[in-house]
Number of protein chains: 2
Amino acid sequence: MNTTEIAQAFTVLCAKGEFEKAGKDFWADDVVSCEPMPGDMARVQGRAAVEAKGQWWYDNHEVHQVEVQGPYVHGDQFLVRFTLDVTPKGGTRMRMDEMGLYTVRDGKVSEERFFYGT
Amino acid sequence: MNTTEIAQAFTVLCAKGEFEKAGKDFWADDVVSCEPMPGDMARVQGRAAVEAKGQWWYDNHEVHQVEVQGPYVHGDQFLVRFTLDVTPKGGTRMRMDEMGLYTVRDGKVSEERFFYGT
């Protein structure tokens, strides 16, 4: 699969809410996941650690709806936009608007980097 | 100005359709502009060359409407989404959906990289 095919298959899974399967199918074993905020989650490496990060997020957010736009492709990278209607545990229901920038290496996602609307 | 402030000021100008001013205010002298398609426009370097690329585009497209979303920020990079209603010269009116990924260095945009919806 080339980057466009990977981007499309990955995005289809995200659009169905199957984020875990998207990760299992497409993350490299040494995938790196980067968040803009400083702290423990700023840079997480390795499939197990990235899965644990995802699990933490699901355990701490109730997801009401997810909308996905994309993918947008350039070379070995692609972008997916996520708009989420969520309630953080003990918090207030909110809308999140974010972009994932994915880098593909040897047919797998080697890095995901999240950008947040300001 | 930090990256978020540059991203916001840049995006405000784009939202007003003032792309030329956005470039003049924020491009580095050695700015690099990258398109995913192979050819002469794949990688253009330097303010004069990037301005000429923009001029070529304006000369060859009638722009009916532009909508801008963003910016989305991570570290020294930000994203802006552009949805354009345009008619290429001699062509058919169409909707374009694209993302610009901008890298900031020393308070200026050192690289812009465009991603297209597939």
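Just so it is clear, none of the values below were taken in a lab; they were calculated from the coordinates. Small disclaimer: the values here were computed from a predicted structure and weren't measured. Please note: Cβ atoms are built from the backbone with ideal geometry, for glycine as well, and neighbour counts cover all protein chains shown.
Counting only residues at least eight positions apart within a chain, or on another chain, the lysines with an alpha carbon under 17 Å from that of A:K53 are A:K21, A:K24, A:K89.
Oblate is the label for the stretch B:1-65, because a/c, from the alpha-carbon gyration tensor with a ≥ b ≥ c as root eigenvalues, is 1.5 or above and a/b does not exceed b/c. Relative contact order of chain B, taken over Cα pairs closer than 8 Å and 6 or more residues apart, is 26 percent. Shape class of the stretch B:66-118 from the alpha-carbon gyration tensor: prolate, with a/c at 1.5 or above and a/b greater than b/c.
A simple spin-label model places the labels of A:L84 and B:K16 3.5 nm from each other, with each point 7 Å out along Cα-to-Cβ.
Express in % the proportion of alpha carbon pairs of chain A at distances exceeding 22 Å. So the portion of pairs separated by more than 22 Å is 29 percent.
Dividing the helix sum by the residues of chain A, where each DSSP H run of 4 or more adds -39500 (n - 2.57), gives a mean residue ellipticity at 222 nm of -9000 deg cm²/dmol. Listing B:K108, B:K53 from fewest to most neighbouring C-beta atoms within 10 Å gives B:K53, B:K108. Put in line by how crowded their Cβ is, counting other Cβ atoms within 10 Å and starting with the fewest, A:K89, B:K16 read A:K89, B:K16.
Using the Cβ-Cβ distance between A:V63 and B:M41 with R0 = 35 Å, the FRET efficiency computed as 1/(1 + (r/R0)^6) comes to roughly 0.30. A convex hull fitted around the alpha carbon atoms of the protein assembly as shown yields 141 Å³ per residue. Bridge orientation summary for the protein assembly as shown: considering DSSP beta bridges with both residues in this region, about 90 percent are antiparallel.
Each of A:T83, A:T103, B:T3 has some number of other Cβ atoms within 10 Å of its Cβ, and from fewest to most they run A:T83, A:T103, B:T3.
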